[in-house]
Every structure is written in C-alpha cells, then in structure tokens.
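Below is one structure, written out as structure tokens, with a few remarks after it.
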Amino acid sequence: MRLIVRQDHEEVASYVAYYVKERINQFQPTQERPFVLGLATGSSPILVYHKLVDFYAAGQVSFEHVVTFNTDEYVGLPKDHPQSYHTFMWNHLFKHVNIKKANVHILDGNASNLDEECRKFEAEIAKLGGIELFLGGIGPDGHIAFNEPGSSLTSRTRVKTLAYETIIANARFFGGDISRVPKLALTVGVATVMDAREVMVVITGAHKSLALAKCVEEGVNHMWTVSAIQMHPKGLIVCDEDATLELHVKTVKYFKSIEHVHHSIIGPHNLGLQGNLLRNMVDTNQAAKRRRRLMLQSLLNNDDEKSEEEDEEKKAAAAAVEEAGKKRKRSNSTYWEETSAALDVNP
Ligand code: GLP
C-alpha cells in the first residue's frame, strides 16, 4: 500500500485529480473498452471533481468513454433532493463533462425492490469486467462507502443502517438536524471496492486521523472497514498533514522517505504513475557525465594539423550528443514540471 502525504486538502485534490486524469489517458479508453471508474461523494472529493472539470475544459481529459459507479446513495431521498448523491454527482462533476448519461451508475435509493437494485448494480459492474480504479472516501469512523464498523469485509452491495456517528457527521448537510438525515443507505460492499484493480482513498482532516492510524498502523479489522485496503495489491491512500496527527512520526517519515527515494534517487522519469519502474531506465548522472567527457575530449583533441573537415565532423558529433542530451533533459523536465506541479515535490 502506498501512503502519499500532502500539505493540505488543496494539494491532496491536485494529486488525486492529476492521477485520475493520467490513469484515464494512459488507459486510452474506447467505446468497446471503456475506463470503469468508481466514485465517492462527501466533501473530500469535491475539489478533486472541480479539478477534473478544469482538466476537461482545458482539453486534457475526456469522459466520453468513461463509465462510473458510485459508492452509495441514501434510501428514500428523492433523486433531485439537494443532498441526494445523484444531485451531488451531477452538480460537481457529471453535468460539466462529456460523460454519457447511460454510463453513469448511481444506486437508486427509491427502487421498489432495494435488494434487487443492489444485485443489479453488482451484475452491471461484472458485465463491464470490473472496476479499473476506485476512488473512495471515508467517514471519521473509518467506514468506506457506507460500510459502517462491523461490516463484513467480504460484503457486497446492499442496504445498510447508518451508524449514529455517521448520522451526526452528515447532519451538517441537513441543516444540522439529525432527524432529517436518512437512516438507511444503499452501499457497495467492502469486497465490491476491493475487487477494483486499483483502490485510491482520500483522507483529509484531523477528524479522520484516528481512522487513518487504525487503517495504516493496525491490522485489518471490520471495525475500521477501510483497513481492508491493506489486503489490496494496489492500494493508495492520499491524505493531508492534518489526517496524520494520530500516526507515529516514524510512520509518516517512512512513507515520505519512499516517495523521496522514488523522486530523488530513482528519478521521476524512470517511474510510472503507480510507482512501477519503467523499462529502459535512464541514469541521469551517468548520461550527463558521459556527455561532459565527450565534449572535453573533443576540445583537448583540437589539433591544428587536422583537416577542417575532421573538425567539422567532430563538432557535428559533439553537437549531436549535446542536442540529444538537451532533448532528453527537456522531455524529462517537462515531465518533471508537470509531475512536480501536481505532486508538489522539489526537483
Ligand atoms: C459519506 C459517504 C462516504 C464518504 C464519506 C466522507 O459517509 N457515504 O462514501 O466517503 O461521507 O464524507 P466527507 O468527505 O464529507 O467527510
């Protein structure tokens, strides 16, 4: 599991939005092979969605062949209620991008047969070959989607009673009145999320620091359902400094040091988005040294007796080496500028 720590909510959102954009683009989705994306609601991903909308507006990503599945929805709340997750998703993301309505999947909390609705949702995910990237969020009690403490870690999409703590936490969206917060929800299960080929969880704020510590430093436990991410082969948590308050300083330094090794020692140009090593790795230092040696040699060998032709050849060769180096440097630095702007790391 990777843990990426950023200064604040804004930087977390930049990282996550850039990551989602790049994953979609690298996948090169088509009508026949769409990119299947799991999405969450709540205040944590709002800024991510706004940044994705900006990327879309700038022509840097298209949602034409993206299919989405949302984590959850309240039971009994009309679809067009300002606090329904339908309204949330359309307002913050879908209506601003070129996603096809038929490609959006949000559970219907008003379905006449809720169990059937949940079964259909799972079947639809399976039909598309599973979810490529699941972007999740958590509640302060460590629930992922609406998988409250004690939920089975092998759970699937189903009806769930909300925990009292969640009702209190979400009352802020219902004028602070807990009686107006729905008490039931439909939610994907822990296993539905963990079946995705990649899981990315956004955790921000001091109020989620205990959940983050339980998830990262303690064992897999159904009382903190997000901890199931420990079992995932491609789990990624992106958090802000506030959310690390309950972690040991040693833990935070450890995860930061991995990122440092990646960027300063291995080099960002040698790494894929998911932290994987790219083939044909370039040792930046070695290449630069070799270029300097060649240039020096060509200067020292500058013999007046040699023909002008030879000189020209040497110059051309040195210039070609120089240009190749510059080119590579340029492409590295473009990559680096883009990456470091989004990932906020210093060259
Ligand atoms: C609700 C949703 C979760 C979401 C959580 C986070 O409980 N059901 O899917 O992850 O809110 O909310 P926030 O980001 O507002 O803290």
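The values are calculated or read from the model by the stated rules, or taken from the named source; none is laboratory data. None of the values given here were measured: they were computed from a predicted structure. Note that we place each Cβ from the backbone using ideal geometry, even for glycine, and neighbour counts take in every protein chain shown.
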Residue within the range 116-136 that is among the small types (Gly, Ala, Ser), over 26 Å from residue 24 (Cβ atoms) and buried (at least 19 other Cβ atoms within 10 Å of the Cβ) present: no
Verdict on residue 109 being closer than 22 Å to residue 155 by Cβ, more than 15 Å from the ligand (Cβ to nearest atom) and more than 15 Å from the chain's Cα centre (by Cα): no
Any idea how many residues of the range 198-216 are within 16 Å of the ligand (Cβ to nearest atom) and touching a Leu at 6+ places or on another chain (Cβ under 6 Å)? 4
Within the range 158-169, does at least one residue satisfy the condition of being at pLDDT 95 or above, of a type in the set (Val, Ile, Thr) and crowded, with 16+ Cβ neighbours inside 10 Å? yes
All but one of (1) within 15 Å of the ligand (Cβ to nearest atom); (2) touching a residue at least 40 places away in the same chain (Cβ under 8 Å); (3) of a type in the set (Val, Ile, Thr) hold for residue 125; state the number of the condition that does not hold. (1)
Leading residue by the ranking (surrounded by the most Cβ atoms within 10 Å (Cβ to Cβ)) among those in the range 31-71 that are of a type in the set (D, E, K, R) and farther than 23 Å from residue 195 by Cα: 51
So, first residue within 24 Å of residue 130 (Cβ to Cβ) and hydrophobic (A, V, I, L, M, F, W, C) in the range 38-54, second residue within 6 Å of the ligand (Cβ to nearest atom) and assigned to a helix (DSSP H, G or I), Cβ within less than 8 Å, six or more apart or across chains; the pairs are none
Mind listing whichever residues of the range 6-17 are of a type in the set (Val, Ile, Thr) and either at pLDDT below 95 or touching a Lys or Arg at 6+ places or on another chain (Cβ under 6 Å) (or both)? 12
Number of the exception - residue 217 against (1) crowded, with 16+ Cβ neighbours inside 10 Å; (2) among the charged types (D, E, K, R); (3) over 17 Å from the mean Cα position of the chain (by Cα): (1)
Kindly indicate which of 235, 175, 219, 189 is more than 10 Å from the ligand (Cβ to nearest atom), of a type outside the set (S, T, N, Q) and modelled with pLDDT under 95. 175
So residue 78 passes all but one of these: (1) surrounded by fewer than 18 Cβ atoms within 10 Å (Cβ to Cβ); (2) closer than 23 Å to residue 23 by Cβ. Which condition number does it fail? (2)
Scan the range 132-161 for residues that are in a loop (DSSP other than H, G, I, E, B), within 15 Å of the ligand (Cβ to nearest atom) and in contact with a helix residue (DSSP H, G or I) (Cβ under 6 Å, 6 or more places away or on another chain) and jot them down. 139, 140, 141, 142, 143, 151, 155, 157
Checking the condition over 13 Å from the mean Cα position of the chain (by Cα) and under 30 Å from residue 179 (Cβ atoms), which residue from 59, 42 passes? 42
The lone exception for residue 104 - which of (1) within 16 Å of the ligand (Cβ to nearest atom); (2) buried (at least 18 other Cβ atoms within 10 Å of the Cβ); (3) modelled with pLDDT of 95 or more it fails: (1)
Odd one out for residue 93 among (1) away from the ligand (no atom under 16 Å from the Cβ); (2) under 29 Å from residue 180 (Cβ atoms); (3) within 20 Å of the chain's Cα centre (by Cα); (4) not β-branched (Val, Ile, Thr): (1)
